[in-house]
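Step one of this worksheet: look at the structure below.
The values are calculated or read from the model by the stated rules, or taken from the named source; none is laboratory data. This structure is a prediction, so every number in the text was calculated from the model and none was measured. All Cβ positions, glycine included, derive from the backbone under ideal geometry; neighbour counts span all protein chains shown.
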Amino acid sequence: MKTYKLKKIDKKAIKEIALDLKNGKIAIYPTDTIYGIGTNAFCFESVKKIYKLKGRTDKKPLPVLVDDISKIKKIVRKIPTGALQLAKKFWPGPLTFVFETNELGCMLTGGKKNIAVRIPDNKVLLSIIKEMTYPLIGTSANVSGKKNCRCLSDLDKKILKNVDMIIDGGVVKLGKPSTVLDVSKFPYIVLREGCISKKEIEKFMKI
């Protein structure tokens, strides 16, 4: 297992990590919110391993992380105007959108109609995703239902032992999950209130 200490951009390390992820390796990595576990979202066997590690049912699709909104357009049916305005306000950042998938997006969700997507506010991670050129599975690095992890010492040993890479970015700045907003239909629905409050979203939408 490889361990990288990355609190700032290291082009050589980022290329190595991105290539391994692109080829289906599984990594623990820091985001702006909590530590995540992921791989190339199109490496379906590796994605299955993540489900097993987390003890999560495959009926619940895993969210993905991208580095640019143009990448989202390739996997969703449409980005509503209201969602685009919210994205300009809160991205990169701790807001996850649930969109209706297109045909390519359905491949990532096992045929499910919706997909959760986010652009995280972490320069190292964004550089890795950009270098990968593929969406990164962006689920929390914990056993489903257990405490989220703000630093590596919080991680379950079973998960740590069964990944290919660990990217140590120190203690992440926010320490709580992103807010999840379903924009697949109107009116939009807050599915999970996290770093951004429901009131903050509602206030912005009224402007």
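Observations
- Residues in the stretch 52-90 that are under 22 Å from Ala18 (Cα atoms), out of contact with any helix residue (DSSP H, G or I) (no Cβ under 7 Å at 6 or more places or on another chain) and not aliphatic (A, V, I, L, M): Pro63, Asp68, Ser70, Lys71, Lys73.
- Taking the conditions (1) in contact with a Leu (Cβ under 6 Å, 6 or more places away or on another chain); (2) among the aliphatic types (A, V, I, L, M); (3) at pLDDT below 95 in turn, Met107 satisfies each one other than (1).
- Flag for Lys25 being modelled with pLDDT of 95 or more, crowded, with 16+ Cβ neighbours inside 10 Å and among the basic types (Lys, Arg): yes
- Test: residue in the stretch 20-37 that is over 26 Å from Lys113 (Cβ atoms), touching a Pro at 6+ places or on another chain (Cβ under 7 Å), in contact (Cβ under 8 Å) with a residue 24 or more places away in the chain and among the hydrophobic types (A, V, I, L, M, F, W, C): yes
- Residue in the stretch 9-20 that is assigned to a strand (DSSP E or B), crowded, with 23+ Cβ neighbours inside 10 Å and either touching an Asp or Glu at 6+ places or on another chain (Cβ under 9 Å) or modelled with pLDDT under 95 (or both) present: no
- The test for being at pLDDT below 95, of a type in the set (Val, Ile, Thr) and either under 16 Å from Thr139 (Cα atoms) or surrounded by fewer than 22 Cβ atoms within 10 Å (Cβ to Cβ) (or both) does not hold for Ile50.
- Identity of the residue in the stretch 38-52, in contact (Cβ under 8 Å) with a residue 60 or more places away in the chain and assigned to a loop (DSSP other than H, G, I, E, B), that ends up farthest from Asn162 (Cα to Cα): Phe42
Per-residue answers, yes or no, for (1) hydroxyl-bearing (Ser, Thr, Tyr); (2) farther than 27 Å from Ala83 by Cβ:
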{"position": "Leu108", "(1), (2)": "no, no"}
{"position": "Ala116", "(1), (2)": "no, no"}
{"position": "Leu136", "(1), (2)": "no, no"}
{"position": "Asp154", "(1), (2)": "no, yes"}
{"position": "Val163", "(1), (2)": "no, yes"}
{"position": "Lys176", "(1), (2)": "no, no"}
{"position": "Ser184", "(1), (2)": "yes, no"}
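- Out of Gly175, Gly145, Gly194, one residue alone is farther than 20 Å from Ile14 by Cβ, of a type in the set (Gly, Ala, Ser) and either at pLDDT below 95 or touching a helix residue (DSSP H, G or I) at 6+ places or on another chain (Cβ under 6 Å) (or both). It is Gly145.
- Flag for Ile189 being crowded, with 20+ Cβ neighbours inside 10 Å and either modelled with pLDDT of 95 or more or of a type in the set (Asp, Glu) (or both): no
- In the stretch 160-172, the residues that are modelled with pLDDT of 95 or more and closer than 13 Å to Ala141 by Cβ: Asn162, Val163, Met165, Ile166, Ile167, Asp168, Gly169, Val172
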